[in-house]
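Notes follow once the structure below has been shown.
The values are calculated or read from the model by the stated rules, or taken from the named source; none is laboratory data. Everything numeric here is computed off the predicted structure, so don't read it as measured data. With ideal geometry, Cβ positions are generated from the backbone for all residues, glycine too; neighbour counts draw on all protein chains shown. Surface areas here come from the heavy atoms of the whole protein model, side chains and all, with no ligands, DNA or RNA. Shrake-Rupley method; radii C 1.70, N 1.55, O 1.52, S 1.80 Å.
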2 protein chains.
Amino acid sequence: MAKNEARRTALADAGISVLAREGSRGLTHRAVDAAAGVPTGTTSNYFRNREALITGIFERIGTRLAPRADDLEAAAREQPSRELFTRYVRDIVRRLTTNREVTLALYELRLEAARRPELAAPLVEWQHAAFEADIAFNEAAGLPGGRREIALFHYAIEGFVFDRLTSPIDPETPADEVIDDFVAGLLR
Amino acid sequence: MAKNEARRTALADAGISVLAREGSRGLTHRAVDAAAGVPTGTTSNYFRNREALITGIFERIGTRLAPRADDLEAAAREQPSRELFTRYVRDIVRRLTTNREVTLALYELRLEAARRPELAAPLVEWQHAAFEADIAFNEAAGLPGGRREIALFHYAIEGFVFDRLTSPIDPETPADEVIDDFVAGLLR
């Protein structure tokens, strides 16, 4: 069972690499087998169709982009403030940009959702849960900003990270300066 | 010559459709021939390799997403104000979301640039020209906001439109409300 779980995770990671390297159209069970270096048919045993494979990849993306538990605990011991909120946002951007492959895979899947509405449903559900969790976290931590502000930060940060990971319009400005401007403007 | 120009435009439009429908990996000369309903080999005659095809598509994307001349003229006769700036941004978002296929094609190409650095160079150049033009336009029109603010709007609007065209996290909030919030917060 533990071995199966490790194999499942390795296949999902290989799926993320395929998405980042080939785009969503390159994501096939065979391509994942090849990227993971396992016999043809292995990925099909773990994820019986493309939807199951994509769901497995979503879950893995969530895990890989999640904040570290000790970072969260350290932050939870601090007084809530705009500075703390800023540090959270900086940490999110740092995670998204350093896990470049994972973030690109997520953008690929979201673009594929625009082409295939049957994929949009599970993706919207997954994102919605993450969005609600962000709002609940912010409230529980006593941080400024509610549903409205958090939606604005989602858009701004996703657009900014998309720009930085693809073809940046203004690469000279340090990421933290951009984030500070967003916090100064968007956090009421 | 005029006929050649019309054919070239039709092929670039077919390329945009292929990108939006199939993703960047689906963009081949043959796929464009098929989408345009022309004999195999036609696209190769007009765009001798994939780079030339993509450059042709960039140009066409720029034309199709450009503001209408009469809208610009009407706006130029008004007093510059935050309200006018807001209307420009609303108009940009309206153009990006109603030209859904064109905008998705642009996101596809930008993601491909993350995978293939040789594509990033012309794309960065193309975007940079557009970014500088935006700054110059804003200044000439006497509108508030400089280089810094316009970069922030690029990120925020691209992230927002990406969200709305793919798998939206908060589809109930009208686009104009989101834009108003961005202008209120980000325009100094």
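Assorted remarks:
- Filter result for A:A184 (more than 30 Å from B:A121 (Cβ to Cβ), within 10 Å of chain B (Cβ to nearest Cβ), open to solvent by less than 20 Å² (accessible area, probe 1.4 Å) and in a helix (DSSP H, G or I)): no
- Among the residues of segment A:52-61, those that are within 14 Å of the chain's Cα centre (by Cα) and of a type outside the set (S, T, N, Q) comprise A:I54, A:G56, A:I57, A:F58, A:E59, A:R60, A:I61.
- Enumerated helices (runs of 4 or more DSSP H) restricted to segment A:36-136, each holding at least 1 residues that are over 20 Å from A:A156 (Cβ atoms): A:42-46, A:50-65, A:69-76, A:100-115
- The single residue among A:R7, A:R48 that is open to solvent by 30 Å² or more (accessible area, probe 1.4 Å) and in contact (Cβ under 8 Å) with a residue 24 or more places away in the chain turns out to be A:R7.
- Each residue in segment B:1-25 was checked for being more than 14 Å from chain A (Cβ to nearest Cβ) and aliphatic (A, V, I, L, M), and 7 of them qualify.
- Residues considered: B:I157, B:I179. Of these, the only one that is more than 10 Å from chain A (Cβ to nearest Cβ), in a helix (DSSP H, G or I), touching a residue at least 24 places away in the same chain (Cβ under 8 Å) and under 20 Å from the mean Cα position of the chain (by Cα) is B:I179.
- Restricting B:R82, B:R64, B:R90 to residues that are open to solvent by 60 Å² or more (accessible area, probe 1.4 Å), under 12 Å from the mean Cα position of the chain (by Cα) and in contact (Cβ under 8 Å) with a residue 40 or more places away in the chain narrows the list to B:R64.
- Of all residues in segment B:163-176 being more than 10 Å from every other protein chain (Cβ to nearest Cβ) and outside any loop (DSSP other than H, G, I, E, B), the one that is surrounded by the fewest Cβ atoms within 10 Å (Cβ to Cβ): B:D176
- Residues that are more than 13 Å from the chain's Cα centre (by Cα), of a type in the set (A, V, I, L, M) and closer than 15 Å to A:G15 by Cβ within segment A:102-138 comprise just one, A:L119.
- B:S17 more than 30 Å from B:L186 (Cα to Cα), polar (S, T, N, Q) and open to solvent by less than 60 Å² (accessible area, probe 1.4 Å): yes
- Every residue from segment B:141-162 that is over 18 Å from B:H128 (Cα atoms) and open to solvent by 10 Å² or more (accessible area, probe 1.4 Å): B:A141, B:G142, B:L143, B:P144
- When each of A:T28, A:T40 is tested for being within 14 Å of chain B (Cβ to nearest Cβ), farther than 22 Å from A:V161 by Cα, open to solvent by 60 Å² or more (accessible area, probe 1.4 Å) and without any contact (Cβ under 8 Å) to a residue 24 or more places away in the chain, the lone residue that passes is A:T28.
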